[in-house]
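S.K.: Sharing a structure here in structure tokens format.
The values are calculated or read from the model by the stated rules, or taken from the named source; none is laboratory data. These numbers were taken from a predicted model, which means no experiment stands behind them. Ideal geometry is used to build each Cβ from the backbone, glycine not excepted, and the neighbour counts take in all protein chains shown.
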Amino acid sequence: MIEPEFLRNDPLYTLKEAAELIRVSESTVRCELSHGKLEATKIRSKTFIRLSALREYLERCRNSTNLQNDQEAHSGTLHGRKIDVHAAIQRARTIASKLS
């Protein structure tokens, strides 16, 4: 079977494959889809996620993590608790960079 050029550059993944690729559960992927945070392609009854959609999603997650950390850094709290601001920001950035 010949694979079209656009699929070589931007492959489609099943929900299970996409979840494995970004190291989350399949139910997390489904939840993000249902909340409109992740874009999917439907072909008949099958749902696929493009690699480009996964990249965009991870970038948005990374940006929102940085924004949230910056806002919390100014307040010195996390979910109402006092925190070591610099350590928390460093941990969040480390986690976000591993997801990229």
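S.K.: Please work out if residue 43 is modelled with pLDDT under 95 and under 22 Å from residue 97 (Cα atoms).
M.R.: no
S.K.: Under 8 Å by Cβ, and 6 or more places apart or on different chains, what pairs join a residue from segment 1-28 that is under 17 Å from residue 41 (Cα atoms) and modelled with pLDDT of 90 or more with one that is among the polar types (S, T, N, Q) and part of a loop (DSSP other than H, G, I, E, B)?
M.R.: 19/25
S.K.: Is it fair to say residue 49 is hydrophobic (A, V, I, L, M, F, W, C), surrounded by 12 or more Cβ atoms within 10 Å (Cβ to Cβ) and at pLDDT 90 or above?
M.R.: Working: hydrophobic (A, V, I, L, M, F, W, C): yes; surrounded by 12 or more Cβ atoms within 10 Å (Cβ to Cβ): yes; at pLDDT 90 or above: yes.
Against the criterion (hydrophobic (A, V, I, L, M, F, W, C), surrounded by 12 or more Cβ atoms within 10 Å (Cβ to Cβ) and at pLDDT 90 or above), residue 49 qualifies.
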